[in-house]
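What follows is a short report on a single structure.
The values are calculated or read from the model by the stated rules, or taken from the named source; none is laboratory data. On a predicted model such as this, the values are computed, not experimentally measured, just so you know. Positions of Cβ are backbone-derived with ideal geometry, glycine not excepted, and every protein chain shown enters the neighbour counts. Just so you know, the surface numbers come from the protein's heavy atoms only, side chains and all, with ligands and any DNA or RNA stripped out. Shrake-Rupley method; radii C 1.70, N 1.55, O 1.52, S 1.80 Å.
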Amino acid sequence: MRQWAWIVVAAALAGCAKEEAAPRTESRPRVRVCALTPGLTFEDAAVVQGSVRTKFTAAVASRLPGTVDEVLADEGDVVKAGQPLFQVDRVNLENQVAIAKDDQAVARAAREEALAAQAEAEAAHAKAETDATRFRRLYNESRSVTKDAWEKAELQLRSAAAALARAKAAVATADAKILQAATALRIAEKNLADSRGLAPFDGVITQKLQDRGDYVGAGTPIFMLDDPRVRELCLTLTADRYADVAVGKTLVAADFGQELPVTYKAPTVNPLTRTFELRAVTKPDPAVAPGMLCGARIVFARRTGFGLPAGAVALRGGREVAFVVGDDGVVVAVEAKRGASAGGMVEILNPEAFEGKRVVAEGMLLLNPGDAVQAVE
């Protein structure tokens, strides 16, 4: 009996020694680990707010001052390019055209009168020239006329030449007045044509700002016209990304589900806000209306790479690191070169440092290099 007791005691002591020698992994903190994920899509993007508007908008205004005689369209009407929309001061302008035509007729009649006077002066000049020639010959050859008579004939010739010159000048003046009257008529006709406002392009009347009987000045808008077929998403971006935007290449991912290329980039930066405008023409969508606010992501670059969860990378000792769990359960800090972020993942630009290794995905802020942990997949 005593021998059996000693055997039991010895066995118990041996078991206690074996338990103390075994590693006590249950005292280590449990951390979730992950592996480097390949094939992730990352974007260099900026999130902005903008609005939708029609690309072609016009304020159809009166070109002349006057009273609105006719309003030929209303809000919501679909109009075609060249369609009349309103008429201003038609009777007064038609009267001005009639006066200009009368002035042109008077100028033509004055020219006919000047031409008749010129013909009369030419006849008088021819007669004076014949008389002067005859008196000169009679005086020089036979002295059959007095010198005084000859001199009077010469004076009559000079007077006739001056009268002819005046008649020709009168004809030239009449020609100029005809041209002047024709110009005045064209101006009057142009004013009459301008008094009728025409639609500059196909579109929809969105606002009627004046009505029949209103007096308007030159340049006063009467209708607002939009072309709903072409719409733009207008956005503003800070000046530090100006060089990153390329027309036709940079993409705009709108909240309403369309991904569009940038179609316009402002040539200058606003000196007050330090921002610049960019636009993208949208695709037809009945759910998108001009004036709507819209969020968007401006995608400067998009690439495929390796990634780790955002919680796996943090700043330690002035550098970005991730904790790698070794085979012995001890964590080691490995530098992680961070790139873009997407969907809770961080791009790793030095994936070779993490390939085939277990990386602490959560809880690294509670760890220090050299800590022993229990890795949980």
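Taking the numbered list (1) open to solvent by 10 Å² or more (accessible area, probe 1.4 Å); (2) touching a Gly at 6+ places or on another chain (Cβ under 9 Å); (3) under 18 Å from residue 371 (Cβ atoms) in turn, residue 334 passes all entries but (2). Checking the stated criteria, residue 110 turns out to be open to solvent by less than 80 Å² (accessible area, probe 1.4 Å) and either touching a Ser or Thr at 6+ places or on another chain (Cβ under 9 Å) or within 30 Å of residue 242 (Cα to Cα) (or both). Those strands (runs of 3 or more DSSP E) of region 282-338 in which 2 or more residues are under 30 Å from residue 260 (Cα atoms) occupy 293-309. Of all residues in region 66-77, those that are closer than 19 Å to residue 219 by Cα have Cβ atoms under 6 Å from Cβ atoms of residues that are open to solvent by 50 Å² or more (accessible area, probe 1.4 Å) and assigned to a strand (DSSP E or B), 6 or more apart or on another chain, in 67/215. Restricting attention to region 339-377, the residues that are in a loop (DSSP other than H, G, I, E, B), closer than 14 Å to residue 28 by Cα and in contact (Cβ under 8 Å) with a residue 60 or more places away in the chain add up to 4.
What are the residues in region 269-281 that are of a type outside the set (Val, Ile, Thr) and closer than 13 Å to residue 259 by Cα, if any?
The answer is 279, 280.
Only residues that are open to solvent by less than 70 Å² (accessible area, probe 1.4 Å) and either closer than 17 Å to residue 307 by Cα or in contact with a Cys (Cβ under 6 Å, 6 or more places away or on another chain) (or both) were counted across region 346-363, and they come to 10.
How do the pairs read when you match residues in region 303-330 that are closer than 13 Å to residue 372 by Cβ and of a type outside the set (Phe, Trp, Tyr) with residues anywhere that are part of a strand (DSSP E or B) and open to solvent by 70 Å² or more (accessible area, probe 1.4 Å), using Cβ under 6 Å and keeping only pairs 6 or more apart or on different chains? Hits for this filter: 325/358. Annotation for region 171-187: at least one member residue is open to solvent by 50 Å² or more (accessible area, probe 1.4 Å), without any contact (Cβ under 8 Å) to a residue 60 or more places away in the chain and under 30 Å from residue 220 (Cα atoms). The C-beta contact set for region 234-249 (first residue open to solvent by less than 50 Å² (accessible area, probe 1.4 Å), second residue among the polar types (S, T, N, Q), distance under 6 angstrom, 6+ apart or interchain) comprises 234/51.
All of 53, 30 fail the test of being at pLDDT 80 or above and touching a Cys at 6+ places or on another chain (Cβ under 8 Å), apart from 53. Residue-level analysis places residue 58 outside the set of residues that are modelled with pLDDT under 90, more than 24 Å from residue 361 (Cβ to Cβ) and either open to solvent by less than 60 Å² (accessible area, probe 1.4 Å) or among the small types (Gly, Ala, Ser) (or both).
Output the number of the condition that residue 108 fails; it satisfies all remaining conditions of (1) free of Cβ contacts under 8 Å to residues at least 24 places away in the same chain; (2) closer than 30 Å to residue 184 by Cα. For residue 108, the exception is condition (1).
Table: residues versus (1) over 30 Å from residue 230 (Cβ atoms); (2) surrounded by 13 or more Cβ atoms within 10 Å (Cβ to Cβ); (3) of a type outside the set (Val, Ile, Thr).
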| site | (1), (2), (3) |
| --- | --- |
| 259 | no, yes, yes |
| 265 | no, yes, yes |
| 268 | no, no, no |
| 276 | no, yes, yes |
| 282 | no, yes, no |
| 288 | no, yes, no |
| 300 | no, yes, yes |
| 344 | yes, no, yes |
| 365 | yes, no, yes |
